[in-house]
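The values are calculated or read from the model by the stated rules, or taken from the named source; none is laboratory data. Everything numeric here is computed off the predicted structure, so don't read it as measured data. Side chains included, ligands, DNA and RNA excluded: accessible areas come from the protein's heavy atoms. Shrake-Rupley method; radii C 1.70, N 1.55, O 1.52, S 1.80 Å.
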Amino acid sequence: AESNAGRLRQKFHAKRQALGQESETKGFQTSSSHHVAANLYILNDRLQKVLAKFPPQVKLVNSAQLKKLSRRPSFESLGQQKDENGNPLSREDSFASSSSL
């Protein structure tokens, strides 16, 4: 396991150095004399070039599972809990519910 970690670390450092050695003289350079929008365009172009070198993002969760996970939780357990005075908690007294009234 340690040799595998060392090998991966070496590959990572080699890749990082290869990305860092890309010449800055290609294309336009940012400058304080340029308009802010022009500098943002130049930075965006550079970042897009770096992003193109990374592998595509892998989806860990498909859309059906994501929809199921993003459902709003139910709060049935609020009726089981009591506040300091011994009264059951309710949604009407919560901050989110009282602000919409």
Subject >> Filter pass, Arg16 being in a helix (DSSP H, G or I) and either modelled with pLDDT of 85 or more or within 24 Å of the chain's Cα centre (by Cα) (or both) >> reply: yes
**OP:** Consider Leu51 carefully, then state whether it is more than 20 Å from Lys15 (Cα to Cα), modelled with pLDDT under 90 and open to solvent by 100 Å² or more (accessible area, probe 1.4 Å).
**Re:** no
